Structure formats: C-alpha cells, structure tokens
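Novice: There's a structure below that I have some questions on.
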Amino acid sequence: MNAFDALRRFVFDGRLEIDNNPIERCMRLIALAKKNSIGAGSHEAAQVWAIFYTLIESARLNRVNPRAYLNWVVEQIERSGGEIDHATLMPWNCPVGRLDD
C-alpha cells in the first residue's frame, strides 16, 4: 500500500487514528513494569509484584480506581475470614471506585 492509499483510507474511515500514540503509551507502561520488576530482590518478590501490578492494571482497564479496588478486596477477604471465591474479587464486581466519564 502506498502513502496515498493509506491517506485515503484514513480520510474515509473515521475509525482510524492518525497515529499510534495511545498504543505506544500502553506499551511504555509494560516496559516500565518490566524494568521495575528486575529490582524486586528475589523471584518470589517479583511474582508478588507481578500479581499486584496485574490487579492494578485490571482495575484500570475496568475503569475502577485501583486504590479503592484494592481496599475493597482486602475488606472482602477480612470479612470472609479468607474463605472466599476469588472470582468474586475481580474488578468488574467491585461496587466502589467507578471511574465514569
């Protein structure tokens, strides 16, 4: 595809973005997370760090405030005495901290 065809496709299809900056911003977070996990100190610490990072990013992707989400998760675990179905702790089940437009 030459440049003119790409420009024509962009002009006539309103779904296409002029650049890929949003994707690059997402990739930057992944690269930063990888760099930060190197300094975790041990393999076990890196695994714990990865779990927390995954929970935080899952909350963000589900438009839930990560801090409110983690507080809610800890409260639910404390309330249940540790015997809880982990599927109920997913960010889309969190009733607090919704980030609305």
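Please treat every number below as a calculation from the coordinates, not as lab data. Here the structure is a predicted model, which means the values were calculated and not measured. In this analysis, Cβ positions are derived from the backbone assuming ideal geometry, glycine residues included, and neighbour counts consider all displayed protein chains.
Novice: Identify the trypsin sites (Lys or Arg not before Pro) of the range 7-101 meeting these criteria: DSSP loop state and at most 12 other C-beta atoms within 10 Å of the C-beta.
Specialist: Sparse-neighbourhood loop trypsin sites (Lys or Arg not before Pro): 15.
Novice: A further question follows. For the residue pair residue 8 and residue 31, what label-to-label distance in nm results when each label sits 7 Å from Cα along the Cα-to-beta-carbon direction?
Specialist: So the two model labels end up 3.5 nm from each other.
Novice: Once amide H atoms are placed 1.01 Å from N in the peptide plane, what residues at a sequence separation of 5 or more from residue 65, or on another chain, have their amide H within under 5 Å of its amide H?
Specialist: Under 5 Å from the amide H of residue 65: 98, 99.
Novice: Loop sites only, by DSSP: take the GluC sites (Glu not before Pro) in the chain that have at most 14 other C-beta atoms within 10 Å and name the longest stretch containing none of them.
Specialist: The longest such stretch corresponds to 18-82.
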